[in-house]
Amino acid sequence: MSKRLEGKVALITGGTSGIGAATVRRLVDEGAKVAFTGSNAEAAAKLCAETGASFHAVRVQDADAWPKLMEELHTLYGRLDIAFANAGTEAGDGSIENISIEGWNNIVAVNQTGVMLTVQHAMRAMKANPGGSGGAIIVNSSMNALRAMGNFMAYSVTKSAVIALTKSAALHCALTGTKIRVNAILPGVVETAMITNLIEHSADPVATRAAYESLSPMKRMAKVNEITGLVAFLSSDEAAFISGSEYVIDGASTAGMQGV
Amino acid sequence: MKRLQGRVALVTGGLRGIGGATVDRLLDEGAVVIIADLKPASDEVVQATLQRLGQASSYVQLNVTSEADWQSAAETVRRDFGRLDILVGNAGIDGVGSVDTMPYETWKRVMAVNIDGLFLGTKYFAPLMTETGAKTRGGASIINISSIMGMVGWVDASPYNASKGAARLFTKATALEFARKGIPIRVNSVHPGFIRTPLLQEGMDRAAEDPSVGATAQDMLATLDQGTPIGRIGEASEIAAGIAFLASDDASFMTGSELVIDGGWTAQ
Ligand SMILES: NC(=O)c1ccc[n+]([C@@H]2O[C@H](COP(=O)([O-])OP(=O)(O)OC[C@H]3O[C@@H](n4cnc5c(N)ncnc54)[C@H](O)[C@@H]3O)[C@@H](O)[C@H]2O)c1
C-alpha cells in the first residue's frame, strides 16, 4: 500500500464496524494516524490493538460531548487532517405511514445532526491546524439519497439532507479560503453487519438477500473494502481540486433503469 | 503508486492536456500506455514524447471520429499487447458561438469528436476488454471524459454542452448494459471543471480576439480562478489522479458513476 496519508491525522465516526472499521484499517495502511468513535467497546478494543488507532466512546448526536472529544484529539495528535462522518443508523425507521416519532427523531439525530456536528467540529479543528488551515472531510451519504425507499423514509430523507450539508459546508470552506474540502460519497448496498442483520431477521432471508443483490445490475453487494479506496482518495492531497462533489459508488444501481 | 502493474491502457487525445497528464500518471502507476492522437507516428512531437516517456509507452495514430481507425487500433492492440484493461476516452474539442449563427458543420464536428468517438471506441474495444476484464479483480475500466458542461449549461456552448451531456448518459447506458450482461467492464465519467490545458488557453485566446469582449486571455483566466470556489482553476494532473483511481481495483464497485472534479464550481 502506498503512503499517501503519511503525517495526517484522521477522525472516523462509527468506526467499530462495517465501512467505518474497514476505513480505519485502510487509512492506517496508507500511513495516517486514526481516531474513531463508536458504541461497541469490545470491537473497538480489537481494532485498536490491530491498527494502533485510538477509540473514543462518543455518540455523534451528543452536542455536549464534542468539545471534549476534540480536546482529547488535540492532546493526542495535535492536529486533524481528515474526518469521515460515517456513523449512521436506520434503527426505528418505517414508512411515512407508520414511523414513530421516536424512530424519526433517532434517525435525524444520528444521520443528520451527528453529521452536522462532525463536520462543524472537524472544520473548526482543521482551521486551527499548526502550519495552516487545511483538511478533507468526507460525508457518508447513501445511494438512497437519490432513490428513496418507501419503507425507510427517515433514512432516505436524512441521507439526502447531508448532501446539501456537504455542498453548503464545501462552499463555506472554499469561499473563506480555509483549504478544507468537503465531499460526499453515496454507496450502494454494502454487505456490512447492518445489512446481514436485516437479511437474517427478515421473514425470508434467501429472498431478502437476492433482493439486495439485485439492486445492482452487477448482481452483488459491495464489500466494505471496495468503498475504502474512494474514502482514501478523497482524503488524500490527490483530491485537492475536488470539493462539493457527491460520488456515487453503487455498481450502477442508480445509473438508470435496468431494462426488462 | 503502482496500482496498475501489468495493465494496458489506451488514452485518446493523449499527446497533451488532460490526456497527456493521464498518460504520465498511468505510466507512474505501472501500466503500459498507448497514446492515441491525430498526429502521424513519425511526427517530431510524437517521437519526442515517446523518447521522454520510455519503453512502457507507445503510439497509435487514431482519429476518434474514424471507424476504420478504431477497427485497426483494436486489431493492433490485440496483436501487440493481447489485452486492454483501461480505455480513456479523452479526445475532445470545443465549439463556441450562438446557435443562430453557428454553422451546422461546427455542431457536427463537435458531436463527432466528443460523442461518436466514445461510441466507436467502446464498440470496437469491448470484445478485447471483456476478455481482459475477466482477468482482474476490478474488471476492465472505460473512463469517459465529459465535463461539468455535461451537467450544466453555458452560454454560447450548445454543441459542447450537448456532446458532453451525451457522454454522461452514454457512460451510464453502457455501464448498465455491461453490468446487466455480466460483462466485466466498468464505465464511469469524469467531469472536470476549468483545467489549465492548451484547450482552455486556446479558447481564451480566441475569445480575446473579439474586441467586444474587451478582456485579455489572462484576464479571463483570472476570472475563472476567482469564479472557482476554491480560488483557482485545476491542473491536468488533478484530473489524471481521478482517472487513475477509476482505472484501479480501488474502484471495483464503481460503475455508472460520475466524478465531478471542479473545485466546487457546480456545488454553487
Ligand atoms: N481543459 C478543461 O478545462 C476541460 C474541462 C472539462 C472537460 N475537458 C475535456 O477534457 C478532454 C481533454 O481536454 P484538454 O483540455 O486536455 O484538451 P487539449 O486540446 O489540450 O487536448 C486534446 C487532445 O485531443 C486530441 N484530439 C482532438 N481531436 C481528436 C480526434 N478527432 N482524434 C484523436 N485525438 C484528438 C488533440 O490532438 C489533443 O492532443 C476533452 O474531452 C475536453 O472536452 C477539458
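The values are calculated or read from the model by the stated rules, or taken from the named source; none is laboratory data. Given the structure is predicted, the values throughout are model-derived calculations rather than measurements. Positions of Cβ are generated from backbone atoms using ideal geometry, with glycine treated the same way; all protein chains shown enter the neighbour counts. To get the accessible areas, we keep the full protein, side chains included, count just its heavy atoms, and leave off ligands, DNA and RNA. Shrake-Rupley method; radii C 1.70, N 1.55, O 1.52, S 1.80 Å.
Structural remarks
- Some residue of region B:200-210 being under 15 Å from the mean Cα position of the chain (by Cα), more than 20 Å from residue B:120 (Cα to Cα) and without any contact (Cβ under 8 Å) to a residue 40 or more places away in the chain: yes
- When region B:89-120 is limited to residues that are more than 10 Å from the ligand (Cβ to nearest atom) and of a type in the set (Gly, Ala, Ser), the one that is surrounded by the fewest Cβ atoms within 10 Å (Cβ to Cβ) turns out to be B:98.
- Selection status of residue B:64, assigned to a loop (DSSP other than H, G, I, E, B), touching a Ser or Thr at 6+ places or on another chain (Cβ under 6 Å), in contact (Cβ under 8 Å) with a residue 12 or more places away in the chain and within 10 Å of the ligand (Cβ to nearest atom): yes
- All helices (runs of 4 or more DSSP H) inside region A:37-153 with 3 or more residues being in contact (Cβ under 8 Å) with a residue 40 or more places away in the chain and within 28 Å of residue A:238 (Cβ to Cβ): A:66-77, A:114-127
- Every pair of residues 6+ apart whose Cβ atoms lie under 9 Å, when the first sits in region A:171-185 and is touching a residue at least 60 places away in the same chain (Cβ under 8 Å) and closer than 11 Å to residue A:242 by Cα while the second is crowded, with 18+ Cβ neighbours inside 10 Å and among the aromatic types (Phe, Trp, Tyr): A:181/A:241; A:183/A:247; A:184/A:247
- Of the listed requirements (1) surrounded by 15 or more Cβ atoms within 10 Å (Cβ to Cβ); (2) within 14 Å of chain B (Cβ to nearest Cβ); (3) part of a helix (DSSP H, G or I), residue A:156 misses just one: (2).
- Meeting the requirement of 2 or more residues that are under 25 Å from residue B:12 (Cα atoms), the helices (runs of 4 or more DSSP H) wholly within region B:150-268 are B:158-180, B:198-209, B:236-247.
- Residue B:175 vs. criteria surrounded by fewer than 18 Cβ atoms within 10 Å (Cβ to Cβ) and aliphatic (A, V, I, L, M): no
- Some residue of region B:186-206 being more than 10 Å from every other protein chain (Cβ to nearest Cβ), within 19 Å of residue B:121 (Cβ to Cβ) and open to solvent by less than 40 Å² (accessible area, probe 1.4 Å): yes
- Single residue of A:198, A:171 found to be part of a helix (DSSP H, G or I), more than 10 Å from chain B (Cβ to nearest Cβ) and open to solvent by less than 60 Å² (accessible area, probe 1.4 Å): A:198
- For residue B:16, the criteria (1) more than 21 Å from residue B:170 (Cβ to Cβ); (2) within 18 Å of the chain's Cα centre (by Cα); (3) free of Cβ contacts under 8 Å to residues at least 40 places away in the same chain hold in every case but one, which is (3).
- Qualifying residue in region B:71-88 (condition: near the ligand (Cβ under 9 Å from one of its atoms) and at pLDDT 95 or above): no
- Residue that is nearest to the other protein chains (Cβ to nearest Cβ), among those in region A:233-258 that are open to solvent by 30 Å² or more (accessible area, probe 1.4 Å) and touching a residue at least 40 places away in the same chain (Cβ under 8 Å): A:238
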